[in-house]
Amino acid sequence: MGEYTGRIEIARPPAEVFAFLADLRNMPRYLPTVTHVGPQGHHDQHDDVAVEGEADGHQYRNDGWVKAEPETRRMTWGSHTMEDYHGMLAVTDASGGSAVELKLSLAPKPEVAQRMQQEHGSVDHGMRLSLERTLGSIKACCEQGGGDVVRDTANDEDPADSRPFGSSATLNPDI
C-alpha cells in the first residue's frame, strides 16, 4: 500500500477553507471524477456516504464514510468496500491564510497501476501528480470563491470548476 502526502497554502482563513471542504456538496467542485456525494446515514463516529462519478469513461459508485472534526479542522475518510483505502485532511493556520495537508493511503488496482506506470513512469509519480492536482483544485476553488466559498452549487450560475486540473485518484474506486 502506498502512502502519499501533500500540502498547499491557500489565501483564505482556515475556518472558511475547512467549512468549504467539510460540506460534501462541494466535493464535485474539486474532485473532477466525482459527480455526486450523498448521505447514507450517521453513526456515532462518522457519516456514511455514497460517492458517484465517472473515471476513465466508466461510471462508479462507492460507499464509504467521512468524519469531520470542526474543532480541530480535520477530516478523515475511508471506503466500506476497499479496506486499504483511507485518507486525512487537516486545515491549519499559515502566513497569509491557511494550509491544507492531505494524506492518502491506498493500493491502486493492478490495471490502474499499470496505466500509471506507462503514463507517468511510476505509480508513485502518478499518485503524487494526482495529489498535487487535487490540492491545486482545492486552492483554486477556495481562492476564486472570494468571500462566498461555502455556497449552494445547485443554484450557482458559475461555480469554480476543477475539471481542468485533471483526474484525481483520491476517490476513484478503480484504484
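Values quoted throughout were computed directly from the atomic coordinates according to the rules given, and no laboratory measurement underlies them. None of these values were measured; they are calculated from a predicted model. Cβ: placed from backbone, ideal geometry, glycine included. Neighbour counts: every protein chain shown.
Couplings 3J(HN,Hα) for the stretch 9-25, derived from phi with the Karplus relation 6.51 cos²θ - 1.76 cosθ + 1.60 (θ = phi - 60°), are 9, 10, 7, 8, x, x, 4, 5, 5, 5, 4, 4, 6, 6, 7, 4, 5 Hz, where x marks Gly and Pro. Between ALA15 and THR81, the simple spin-label model (points 7 angstrom out along Cα→Cβ) gives 3.9 nm.
Picking from TYR60, ALA94, MET75, whose Cα lies most toward the positive end of the charge dipole for the stretch 1-131 (charges on Cβ: Lys, Arg +1; Asp, Glu -1)? Farthest towards the positive end: ALA94.
Taking the square roots of five times each eigenvalue of the Cα gyration tensor of the stretch 1-81, the equivalent ellipsoid has semi-axes of 22, 17, 13 Å, listed largest first.
Would you mind classifying the stretch 39-113 by shape? Square roots of the alpha carbon gyration tensor eigenvalues, ordered a ≥ b ≥ c; an a/c under 1.5 is rounded, otherwise it is prolate if a/b is larger than b/c and oblate if not. The shape class here is oblate.
A straight Cα-to-Cα reach below 17 Å connects LYS139 with the lysines LYS103, residues fewer than 8 places away in its own chain not being considered. The slack between LYS109 and ASP48, meaning 0.36 nm per residue of separation minus the straight C-alpha distance, is 19.6 nm. Backbone phi angles across the stretch 130-139, fed through the Karplus curve with coefficients 6.51, -1.76 and 1.60 (θ = phi - 60°), yield HN-Hα couplings of 5, 4, 4, 5, 5, 4, x, 5, 4, 4 Hz in residue order; Gly and Pro are listed as x.
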